[in-house]
Amino acid sequence: NAGVTQTPKFQVLKTGQSMTLQCAQDMNHEYMSWYRQDPGMGLRLIHYSVGAGITDQGEVPNGYNVSRSTTEDFPLRLLSAAPSQTSVYFCASSYSSGWGTDTQYFGPGTRLTVL
Amino acid sequence: GIQVEQSPPDLILQEGANSTLRCNFSDSVNNLQWFHQNPWGQLINLFYIPSGTKQNGRLSATTVATERYSLLYISSSQTTDSGVYFCAVVGGGSNYKLTFGKGTLLTVNP
């Protein structure tokens, strides 16, 4: 098992550019999510998905889009990058039921800098 | 939304010492997890513990859901325990939104 994988590990963008952060898991987890981590802020939920075709907003969704066409993949899109989106981004996955989520497994993170 | 407060924000220990980290939350929860973020940034799940007590080696955790707090105990600390410890909860009417505290930065000196 590779677990949760994220690409790229590092990325530098200019303001206004677009890009997609990739996340994949091979554990057949229903639940996948994206977080950003900023100094002194802990991790904040951006978007999450409870299964293919189902996504919802988290705490800080503005400026980010997601889709979930397969169980394995959950890409995060920045349509027009801004310096405020400079952060470390983590993807996570877990089993899920109607009652909620289970133990979260995190990817290694993507460090994004927007100039 | 639900609020999560962790204390202390920073903790410095000598190797071999014991410590207790605390997590307070503002509403009922159906999910509480403790994570360790090592100095290289990797996040590792330590416990899934919405209630009760669990132990894993030198680490143990207790959640008292009725009083809205959880404790993480680290005994005989080692330098490899250094890093940030996060508490995260799901609650306050949501089944799927995990809310993190700001973490406790633990430094264990040899």
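The values are calculated or read from the model by the stated rules, or taken from the named source; none is laboratory data. These numbers come from a predicted model, not from an experiment. Positions of Cβ are generated from backbone atoms using ideal geometry, with glycine treated the same way; all protein chains shown enter the neighbour counts. With ligands, DNA and RNA removed, areas are computed over all heavy atoms of the protein, side chains included. Shrake-Rupley method; radii C 1.70, N 1.55, O 1.52, S 1.80 Å.
What you get for chain A, charging only the Cβ of Lys and Arg (+1) and of Asp and Glu (-1), is a dipole of about 480 debye around the Cα centre.
Size descriptor for chain B, Kirkwood hydrodynamic radius: 13.9 Å (Cα pairs only, one decimal). Listed by chain and number, the aspartates and glutamates whose C-alpha is less than 18 Å from the C-alpha of B:Lys97, apart from same-chain residues fewer than 8 away, are A:Glu30, A:Asp56, A:Glu59, A:Asp102, B:Glu5, B:Asp27. The 1.4 Å probe gives accessible areas that order A:Arg44, A:Arg77, largest first, as A:Arg77, A:Arg44.
Note on chain B: with charges restricted to the Cβ of Lys and Arg (+1) and Asp and Glu (-1), its dipole about the Cα centre is near 180 debye. From a point 7 Å beyond the Cα of A:Gln22 in the direction of its Cβ, which residues of the stretch A:76-111 have a backbone N at a distance under 12 Å? Under 12 Å, as judged by backbone N against the label point of A:Gln22, lie A:76 of the stretch A:76-111. Among A:Val4, A:Leu79, A:Tyr48, whose Cα sits farthest toward the positive end of the charge dipole of chain A (+1 at Cβ of Lys/Arg, -1 at Cβ of Asp/Glu, about the Cα centre)? Going by the charge dipole, the pick is A:Leu79. For chain A, the solvent-accessible area with a 1.4 angstrom probe is 46 square angstrom per residue. Between B:Thr107 and A:Arg111, the C-beta separation translates, for a Förster distance of 22 Å, into a calculated FRET efficiency of about 0.45.
In debye, nearest 20: dipole of the protein assembly as shown around its Cα centre with unit charges on the Cβ of K, R (+) and D, E (-)?
340
Every Cα-Cα pair in the protein assembly as shown was counted, and those over 33 Å apart are 16% of them. Listed by chain and number, the lysines whose C-alpha is less than 26 Å from the C-alpha of B:Lys102, apart from same-chain residues fewer than 8 away, are A:Lys9, B:Lys54. One Cα centroid belongs to the stretch A:16-76, the other to the stretch B:1-17; the line between them spans 28 Å.
Would you mind giving the three semi-axes, in whole Å and largest first, of the ellipsoid equivalent to chain A according to its Cα gyration tensor? Display every interim value, and only then the final one.
Details: eigenvalues 105, 38, 36 Å².
Those come to 23, 14, 13 Å.
In chain B, taking the dipole from charged Cβ atoms about the Cα centre, the farthest positive-side position among B:Gln3, B:Gln42, B:Asn31 is held by B:Asn31.
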